[in-house]
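To start, the structure itself, in structure tokens.
We did not get these values from a lab; they are worked out from the coordinates using the rules stated. Here the structure is a predicted model, which means the values were calculated and not measured. Here the Cβ positions follow ideal geometry from the backbone for every residue, glycine too, while neighbour counts run over all protein chains shown.
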Amino acid sequence: MPSGYGVPKGRTGMLTWTEVRAALEKSGRFWIATTNPNGGPHVIQQWGAWLDDRFYFEAGTTPAGRRTSRATSASSSRATTATWRSSSTASRGPHRSPTAALAERIVRSYTARYKRKYGYAPTVSSWDEGGLYVVTPAKILAWVVARFNKSATKLTFG
């Protein structure tokens with residue numbers, strides 16, 4: 001961090017991975033930033049599930065059968081995901097057909113977040129034909145807004 005932010009040099013007050021993971025697992029709204037095949041930026045708010053230290057999200061086809069911009073971008077570039085309190089720069093990749101056990105966990109996560117308020121819950125077979133993407137974190141920046149200059153944390157992953 002630049003010195004003007006007042007972030008201390010030591011780790012006192014920084015968030016732990018356990019705290020960051022808990023926030024990601026609870027979050028219901030994520031932002032995904034990718035690069036279109038033509039090099040232009042693509043940013044969209046997206047529902048998803050944070051499981052096993054990975055972010056899973058859907059991106060498929062339009063009712064007319066064309067791939068969505070989100071699916072095209074997710075297939076062709078690295079991604080950045082963000083919630084209110086953290087951001088993650090990561091590698092991405094299509095996760096074509098998850099195992100039945102993983103699909104069930106993702107369904108439970110989506111259902112818990114989105115069914116009551118929005119009426120949405122996928123089924124275990126929702127991703128049999130693809131359309132499920134996974135983002136694996138490489139770097140995460142996280143903070144607590146009320147104490148940003150004390151809690152700003154950068155986590156990196158192998």
Fill in: Neighbour-count order for 110, 118, fewest beta carbons within 10 angstrom listed first
118, 110
Item to complete: Apply the Karplus parameterisation 6.51 cos²θ - 1.76 cosθ + 1.60, with θ equal to phi minus 60°, to every residue of the stretch 20-31 and state each ³J(HN,Hα) to the nearest whole Hz, in sequence, with x for glycine and proline.
Response: 5, 4, 4, 5, 5, 5, 7, 5, x, 10, 10, 10
Practice prompt. Can you tell me which of 99-107, 137-145 comes out highest on packing, and rank the rest after it, using the mean Cβ neighbours within 10 Å?
Written response: 137-145, 99-107
Worksheet item: Can you list the residues, at least 5 places off or on another chain, whose amide H is less than 5 Å from the amide H of residue 51, using H built in the peptide plane?
Response: 56
Worksheet entry | 47, 17, 127 arranged by Cβ crowding within 10 Å, fewest neighbours leading | 17, 47, 127
Worksheet item: Could you give me the ³J(HN,Hα) list for the stretch 9-16, computed from phi with Karplus coefficients 6.51, -1.76, 1.60 and θ = phi - 60°, whole Hz, x at Gly and Pro?
Response: 6, x, 8, 4, x, 5, 6, 8
Worksheet item: Between the stretch 119-158 and the stretch 15-59, how many Å separate their Cα centres?
Response: 4
Practice prompt. Read phi for every residue in the stretch 104-117 and hand back ³J(HN,Hα) as whole Hz from Karplus 6.51 cos²θ - 1.76 cosθ + 1.60, θ = phi - 60°, with x for Gly and Pro.
Written response: 4, 5, 5, 4, 4, 5, 4, 4, 4, 7, 10, 6, 4, 7
Worksheet item: With Cβ to Cβ distances under 9 Å as the rule, what net charge do the other residues near residue 157 carry (K, R +1; D, E -1)?
Response: 0
Worksheet item: All other residues with a Cβ under 11 Å from the Cβ of residue 120 taken together, and with Lys, Arg as +1 and Asp, Glu as -1, what is their net charge?
Response: +3
